[in-house]
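> Input: one structure, supplied below.
FYI, it's all coordinate maths here, none of it is from the lab. Predicted model only: the values in this text are computed from it and were never measured. Here the Cβ is made from the backbone with ideal geometry for all residues, glycine too, and neighbour counts use every protein chain on show.
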Amino acid sequence: MSKGKTIALWTVSGLLGAMFLFSGGVKLVHLDAVKPMFVQYGYAAWFATFIGVCEALGGLGVLVPRVAGLAAACLGIIMVGAVYTHVSHHEFTHALTPLVLLLLLAWVSYVRFQGSHQQV
């Protein structure tokens, strides 16, 4: 992998890691405020805790090269759900952020998995 691509990969991974650590952490610290929002969207209240834990762990995972591809793919699944939730509730502008994150996560996952095939 070229030096520029490696720098881009680590920069994007670092920003995604920070964003998901923050997002998951906020959900976990402020569960009383977040649970009603999840219920309003039609999800069970416990799902807020589950998503918060997944985002925080995924945020750490994208920073660990050995599991970064898998962590990015799993976070991508969560972002697909977030995009669907916002679009199905006609919150189109709110769907843009998870859509951009989904695209970045897909790129990180692709590059990490591509790199693991080349090393074998």
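Matching residues to (1) touching a Ser or Thr at 6+ places or on another chain (Cβ under 9 Å); (2) under 19 Å from V80 (Cβ atoms):
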position: L16; (1), (2): no, yes
position: S23; (1), (2): no, yes
position: V29; (1), (2): no, no
position: D32; (1), (2): no, no
position: Y41; (1), (2): yes, yes
position: L57; (1), (2): no, yes
position: L63; (1), (2): yes, no
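> Do we find a residue being within 16 Å of V12 (Cβ to Cβ), surrounded by 14 or more Cβ atoms within 10 Å (Cβ to Cβ) and in contact (Cβ under 8 Å) with a residue 24 or more places away in the chain anywhere in region 38-58?
The answer is yes, given that some residue of region 38-58 is within 16 Å of V12 (Cβ to Cβ), surrounded by 14 or more Cβ atoms within 10 Å (Cβ to Cβ) and in contact (Cβ under 8 Å) with a residue 24 or more places away in the chain.
> Need pairs with beta-carbon distance below 6 Å; first residue without any contact (Cβ under 8 Å) to a residue 12 or more places away in the chain and over 11 Å from L102 (Cβ atoms) and within region 71-88, second surrounded by 14 or more Cβ atoms within 10 Å (Cβ to Cβ) and not hydroxyl-bearing (S, T, Y); sequence gap 6+ or separate chains.
V87/A95
> Do the conditions hold for A71, that is, is it assigned to a helix (DSSP H, G or I), within 27 Å of Q114 (Cβ to Cβ) and touching a His at 6+ places or on another chain (Cβ under 9 Å)?
So A71 does not fit the description; no.
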